[in-house]
Amino acid sequence: MAVVPQLERERAYDKLIRLILSGSFAPGDPISERGLSEKLKIGRTPIREALRDLERSGLVEVVPARGTFVKRPSLSDMREIFEIRYALEGMAAFTAAKRGATPDLLAFREKFEELIRNPEKSTAADIDELGARFHQKIIEATGNRTLQKVFKQFRLPFLLESSLVHVRRLIVIKQLVDEHLAILDAIERRDAPGAQSLMCAHLMSGWRMRLDMFNSLEDFEPLEIEAMDAG
């Protein structure tokens with residue numbers, strides 16, 4: 001069996017991630033190796049290897065005798081993701097505040113304040129990307145390499161579930177940005193318990209938003225799920 005050059009495999013992987021997270025493929029859409037090969041001008045073998053990597057990362061699923069599909073997270077999947085985030089990112093905010101705000105984190109203040117002043121200049125996807133980078137920088141600000149590795153393992157499922165709801169979040173842009181600014185303020189003050197509490201409250205807000213989104217979609221059964229305990 002031919003060995004796929006690592007560079008080609010990585011290029012295919014990166015392009016597929018961008019296609020999925022940008023919404024070019026909707027959750028549940030089938031993925032054709034041949035179609036992707038033609039679209040991306042990349043050989044089918046690196047495409048196949050990249051799809052295997054994406055299956056391990058949780059972005060696609062292989063259904064026997066049916067094919068490969070973009071994964072559609074269930075409510076149970078989302079709950080598990082948020083439980084992991086609640087633990088990891090709450091601790092990360094606490095630790096980052098103990099260490100003090102990094103220059104990378106402080107640079108977000110101007111970006112968030114500009115969003116509040118001129119929200120119409122950014123799309124919901126832009127705002128999602130900025131928020132995702134802020135969360136990533138908090139993880140990095142901990143200086144904990146093991147935490148960074150664990151977070152990286154779950155990063156793609158985080159981004160996939162966020163990409164499902166960004167269009168519905170335009171009405172709460174100011175709320176989300178205000179929450180991010182409050183977290184940043186606490187980290188800058190070195191208020192570790194406050195930063196942890198604000199991060200957990202922010203994640204709880206996001207969880208409730210997703211519950212509302214799922215209950216409003218026509219192709220999902222309305223579900224009543226008790227929110228995670230914020231205490």
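The values are calculated or read from the model by the stated rules, or taken from the named source; none is laboratory data. Bear in mind the structure is a predicted one, so any value in this text is a computation, not a measurement. Quick reminder, even Gly has a Cβ in these numbers, built from the backbone with ideal geometry, and neighbours come from all protein chains shown.
Inspect the stretch 94-108 for any residue being more than 27 Å from Val150 (Cα to Cα), among the hydroxyl-bearing types (Ser, Thr, Tyr) and in a helix (DSSP H, G or I) and give the result as yes or no.
No, the conditions are met nowhere in the stretch 94-108.
Assess whether Glu120 counts as being in contact with a Phe, Trp or Tyr (Cβ under 8 Å, 6 or more places away or on another chain), of a type outside the set (Lys, Arg) and farther than 21 Å from Leu198 by Cβ. In short, no. Looking only at the stretch 74-104, residues that are among the acidic types (Asp, Glu), surrounded by 14 or more Cβ atoms within 10 Å (Cβ to Cβ) and touching a residue at least 24 places away in the same chain (Cβ under 8 Å) come to 3 in all.
Among the residues of the stretch 141-155, the ones that are surrounded by 14 or more Cβ atoms within 10 Å (Cβ to Cβ) and outside any helix (DSSP H, G or I) come to 2 in all.
Sort out which residues of the stretch 121-139 are farther than 17 Å from Leu156 by Cβ and either under 10 Å from the mean Cα position of the chain (by Cα) or of a type in the set (Asp, Glu) (or both), and write them in order of number. Once the filter is applied, which keeps residues that are farther than 17 Å from Leu156 by Cβ and either under 10 Å from the mean Cα position of the chain (by Cα) or of a type in the set (Asp, Glu) (or both), the stretch 121-139 yields only Asp126.
Here Met199 passes the criteria (1) at pLDDT 80 or above; (2) of a type in the set (A, V, I, L, M); (3) touching a Ser or Thr at 6+ places or on another chain (Cβ under 9 Å) except the one numbered (3).
For the stretch 34-41, check the following and say yes or no: at least one residue is within 14 Å of Phe69 (Cα to Cα) and of a type in the set (S, T, N, Q). The answer is no; no qualifying residue exists.
Considering each residue of the stretch 118-140, count those that are in a helix (DSSP H, G or I) and either over 18 Å from Val150 (Cβ atoms) or outside the structural domain of Gln153 (by TED's automatic domain parsing) (or both), and give that number.
The first filter runs over the stretch 118-140 and keeps only residues in a helix (DSSP H, G or I), leaving 119-121, 124-140.
After this cut, where a residue has to be either over 18 Å from Val150 (Cβ atoms) or outside the structural domain of Gln153 (by TED's automatic domain parsing) (or both) as well, the list is 119-121, 124-131, 133-134.
Total meeting the criteria: 13.
Return only the number of the condition from (1) part of a helix (DSSP H, G or I); (2) assigned by TED's automatic domain parsing to the domain that holds Thr146 that Glu55 does not satisfy. In the conditions (1) part of a helix (DSSP H, G or I); (2) assigned by TED's automatic domain parsing to the domain that holds Thr146, Glu55 misses (2) alone.
Selection of the stretch 16-57 for residues being under 17 Å from the mean Cα position of the chain (by Cα) and of a type outside the set (A, V, I, L, M) yields Arg18, Ser22, Gly23, Ser24, Phe25, Pro27, Glu55, Arg56, Ser57.
Name the residue, out of Ala12, Ala65, that is without any contact (Cβ under 8 Å) to a residue 40 or more places away in the chain and in a loop (DSSP other than H, G, I, E, B).
On inspection, the qualifying residue turns out to be Ala65.
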